[in-house]
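K.L.:
Below are the structure tokens for one structure; questions will follow.
FYI, it's all coordinate maths here, none of it is from the lab. Because the structure is a prediction, the values reported are computed rather than measured. Methodologically, a virtual Cβ is constructed for each residue, glycine included, from the backbone with ideal geometry; neighbour enumeration extends over all protein chains shown.
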Amino acid sequence: MAREKAPKTFNVTSSFTLFYKYFLPMMWIIFFGTLMLLFLIADQFKVGSLSPMTFKITYSAFFFGMVILMYFTVFKLKRVEFDATHIYITNYFKILRYPLSNIEKISESNYLLWRIVRVDLIEPGHFGKTSYFLANNAKWETYNEEAGKE
């Protein structure tokens, strides 16, 4: 029985996505979380003119604020690939395939060095109705040129 060949996919996601999504936040949380625990258990210390309790509250608010910011930004990044008929969206643990006809809209936002692309689906999938990915500029431009020719 002959096996059907899988279609050739085109990865448009930056290779830094894995670093930004998992490595950087985890290292940040481990380092600054440990530092927060040390500050919370330390009895007497003074930072500038702040009292120890004021510093502990301020540092804890900063830490949890940054964790919330990371949750709503870098934790939402996915890896995205396209082929002739489907889009593949993965969080590096689960890969989901959607037909290109299920894409409602694709929009781009440029933030200095990063290009974040938003993919809105007509029907929500496992990751929800909206997925974000950090685009590799060269691959994304190449894909757009090739997709525009068809």
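K.L.:
Based on what the data block shows, is THR54 surrounded by fewer than 15 Cβ atoms within 10 Å (Cβ to Cβ), among the polar types (S, T, N, Q) and within 18 Å of the chain's Cα centre (by Cα)?
P.N.:
Answer is no for this residue.
K.L.:
Shifting gears a bit: Within the set of pairs 6+ apart or on separate chains, which have a first residue in segment 14-37 that is closer than 21 Å to TRP114 by Cβ, a second that is of a type in the set (Lys, Arg) and surrounded by 15 or more Cβ atoms within 10 Å (Cβ to Cβ), and C-beta atoms under 9 Å apart?
P.N.:
From segment 14-37, the pairs are SER14/ARG115; SER14/LYS139; THR17/LYS78; THR17/ARG79; LEU18/ARG79; LYS21/LYS76; LYS21/LYS78; LYS21/ARG79.
K.L.:
Step by step: first the residues of segment 94-150, then only those that are of a type in the set (Gly, Ala, Ser) and out of contact with any Asp or Glu (no Cβ under 8 Å at 6 or more places or on another chain), then the one that is surrounded by the most Cβ atoms within 10 Å (Cβ to Cβ). Which residue is that? Working first, answer last.
P.N.:
Kept after step one, since they are of a type in the set (Gly, Ala, Ser), are these residues of segment 94-150: 101, 107, 109, 125, 128, 131, 135, 138, 147-148.
Within this subset, residues satisfying the condition of being out of contact with any Asp or Glu (no Cβ under 8 Å at 6 or more places or on another chain) are 101, 109, 125, 128, 131, 138, 147-148.
Details: SER101: 8, SER109: 10, GLY125: 14, GLY128: 10, SER131: 23, ALA138: 10, ALA147: 13, GLY148: 7.
Among them, the one singled out is SER131.
K.L.:
In segment 52-99, which residues are within 16 Å of VAL12 (Cα to Cα), in a loop (DSSP other than H, G, I, E, B) and either touching a Gly at 6+ places or on another chain (Cβ under 7 Å) or of a type outside the set (Ser, Thr, Tyr) (or both)?
P.N.:
Those that are within 16 Å of VAL12 (Cα to Cα), in a loop (DSSP other than H, G, I, E, B) and either touching a Gly at 6+ places or on another chain (Cβ under 7 Å) or of a type outside the set (Ser, Thr, Tyr) (or both): LYS78, ASP83, ALA84, ASN91.
K.L.:
Oh, and also: Pull up segment 112-150, narrow it to residues that are assigned to a strand (DSSP E or B) and of a type in the set (Ser, Thr, Tyr), then point me to the one that is farthest from THR90 (Cα to Cα).
P.N.:
Looking at the filtered set, the residue picked out is THR130.
K.L.:
Mind checking whether some residue in segment 63-86 is loosely packed, with under 11 Cβ neighbours inside 10 Å, more than 30 Å from SER131 (Cβ to Cβ) and among the aliphatic types (A, V, I, L, M)?
P.N.:
Within segment 63-86, not a single residue is loosely packed, with under 11 Cβ neighbours inside 10 Å, more than 30 Å from SER131 (Cβ to Cβ) and among the aliphatic types (A, V, I, L, M).
So that you can scan it fast, the table gives a plain yes or no per residue for (1) among the acidic types (Asp, Glu); (2) farther than 23 Å from LYS21 by Cβ; (3) touching a Phe, Trp or Tyr at 6+ places or on another chain (Cβ under 6 Å):
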position	(1), (2), (3)
GLY48	no, yes, no
SER51	no, yes, no
PHE63	no, no, yes
ARG97	no, no, yes
HIS126	no, no, no
PHE133	no, no, no
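K.L.:
Another one. Within segment 55-92, track down each residue that is among the aliphatic types (A, V, I, L, M) and in contact with a strand residue (DSSP E or B) (Cβ under 8 Å, 6 or more places away or on another chain).
P.N.:
Applying the first criterion (among the aliphatic types (A, V, I, L, M)) to segment 55-92 yields 57, 61, 66-70, 74, 77, 80, 84, 87, 89.
Those that are among the aliphatic types (A, V, I, L, M) and in contact with a strand residue (DSSP E or B) (Cβ under 8 Å, 6 or more places away or on another chain): LEU77, VAL80, ILE87, ILE89.
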